[in-house]
Amino acid sequence: MNFSAFNGRLATLYTTCAILISAGIVSLVSAPLFDHAKADDNLPADITTIKVKPSTADSPFKDLYSGWYFRAKETQNLQKDDFENPGFLWVEKGQELWSKVDGKAGKSCASCHQDAQKTMKGVGAQMPKWDEKAKRPLTLEQRINTCRQENMQADEWKWESDPMLSMTTFIRLQSRGMPVNIQSDGPMEAWVEKGKKLYYTRVGQLDLSCANCHENNYGKYIRADHLSQGHSNGFPTYRLKWQKLGSLHRRFKGCMTNIRATAYKRGSDEFVALEIYLAHRGKGLQVESPSVRN
Amino acid sequence: MLKKNMKFSAAFLFITLFSSSVYHPGTTIAAETIGPEQVKISDGEITKPLTEKAGDPGEGKNWFSSRKLGNCLACHANEKMSDLPFHGEIGPAMDGVAERYTATQLRAILVNAKAVFGDETVMPGFYRVDPGQRTAKKFQGKTILSGQQIEDIIAYLLTLKE
């Protein structure tokens, strides 16, 4: 949280309600900040990369924390054990689809990309990626659909469909443990900027921006929810509330609906730009997909 | 903008007509509810209540915890509601708030927190129309709380003494 701005706000409060000036108010108005030193005590010894130093110059964070850190013990444990993690049902389906022939060209993903463990290693960590042919960045979903249409002559998969979620999860798993590492310079720069602008724009009847919750208030409870820094490294994620796996854009939609805003569409340029900006500000965090969240 | 104002004055007329015939038979009364466009904040205060009917602290207590309405509990802890789970930590605890603010100051905070705490505050304005961009259709042209609900919550907050 920006302390000088906060104090400036207090100053306005003081001048407007001069009678209320008292040392007591300071402690009342400044709710507890996220305590980094205390947080370190709770870091598990075996997962050191839940917390990393930001690697981008414009990062607003002292440390980056994966969303895993803010979840309850039981939820954390579900993610740590691949046999318990319900997200692995989708991984299995994705693995089957990888070598399933589909479309008029009579091909499967494996026909061209062979062994996913080798050819897809690191790919998920770099998405969204600039596509020279399309002259725009493509998310993993969009890249898969490009291959389905152009290389397999097969129908597109819908964004939130089971096969799409299975395939994106299977491909992201091949980058698990690798740092998020998207390109954010060159032609991607304008998209990072577009996403950043959206991130700080207040929307909805509650008039809040993504930053208001995930940057100014992470580590605090908002009703029953422990606010994280809102990173994307765990997606697709298995949410206990959804009882299924969901895409990052589904999460965006949920956050916007909660503040009573009209959400953008999944796959829209706005959500693609937000996804790019999130990956940019989360560079260095480990890919965790499929993560488990409440 | 014009359309919004027209919609608003239609609602306004409806309230005035309805209440003068039901509650005050035979009398023509002045505006009963001060609408979100009319309400004026000066020096962090709104001196005039938004409604003629006095706030009901019992109702105010409901609005304070209701997820669909005030949902104040999402951001503010309140010891007097320790029977309810999940108190938020985004804003200061409400314990003893009656000793820190007067009714007129609380009214200003609730109507438009930004006018009191500054534009950066995350506390929503509960009596404002379309403050942010892209307000969802079903909430367009509407305030989060009605004038009466604001008065009810103020009455409830004034009971929170330490």
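The values are calculated or read from the model by the stated rules, or taken from the named source; none is laboratory data. Everything numeric in this text was worked out from a predicted model, so none of it was measured. Here the Cβ positions follow ideal geometry from the backbone for every residue, glycine too, while neighbour counts run over all protein chains shown. Remember, those area values only see protein heavy atoms, side chains included, never the ligands or the DNA or RNA. Shrake-Rupley method; radii C 1.70, N 1.55, O 1.52, S 1.80 Å.
Couple of notes before you dig in:
- The set of residues in the stretch B:103-126 being β-branched (Val, Ile, Thr) and either farther than 12 Å from residue B:150 by Cβ or open to solvent by 30 Å² or more (accessible area, probe 1.4 Å) (or both) consists of B:104, B:116, B:121, B:122.
- The single condition among (1) within 13 Å of the chain's Cα centre (by Cα); (2) farther than 24 Å from residue B:141 by Cβ; (3) open to solvent by 30 Å² or more (accessible area, probe 1.4 Å) that residue B:45 does not meet is (1).
- Index of the failed condition, residue A:263 passing every other in (1) open to solvent by 40 Å² or more (accessible area, probe 1.4 Å); (2) part of a loop (DSSP other than H, G, I, E, B); (3) within 12 Å of chain B (Cβ to nearest Cβ): (1)
- For the stretch B:84-102, taking the residues that are part of a helix (DSSP H, G or I) and open to solvent by 30 Å² or more (accessible area, probe 1.4 Å), the one that is nearest to the other protein chains (Cβ to nearest Cβ) is identified as B:100.
- Among the residues of the stretch B:69-79, not a single one is within 13 Å of another protein chain (Cβ to nearest Cβ), surrounded by fewer than 19 Cβ atoms within 10 Å (Cβ to Cβ) and either hydroxyl-bearing (Ser, Thr, Tyr) or over 29 Å from residue B:33 (Cβ atoms) (or both).
- Candidate set from the stretch B:127-162 (those that are among the polar types (S, T, N, Q) and away from chain A (no Cβ under 13 Å)); member that is surrounded by the most Cβ atoms within 10 Å (Cβ to Cβ): B:149
- One residue from A:219, A:284 being within 14 Å of chain B (Cβ to nearest Cβ), in a loop (DSSP other than H, G, I, E, B) and at positive phi: A:219
- Here residue A:217 meets each of (1) open to solvent by less than 20 Å² (accessible area, probe 1.4 Å); (2) at pLDDT below 95; (3) not acidic (Asp, Glu) with one exception, condition (2).
- Hits in the stretch A:74-100 (condition: open to solvent by less than 20 Å² (accessible area, probe 1.4 Å) and among the small types (Gly, Ala, Ser)): A:87, A:94
- Wholly enclosed helices (runs of 4 or more DSSP H) of the stretch A:102-154 bearing at least 1 residues more than 26 Å from the chain's Cα centre (by Cα): A:109-113
- Subset of the stretch B:103-125 (residues that are part of a loop (DSSP other than H, G, I, E, B) and either among the acidic types (Asp, Glu) or in contact with a strand residue (DSSP E or B) (Cβ under 9 Å, 6 or more places away or on another chain) (or both)): B:119, B:120, B:122, B:124
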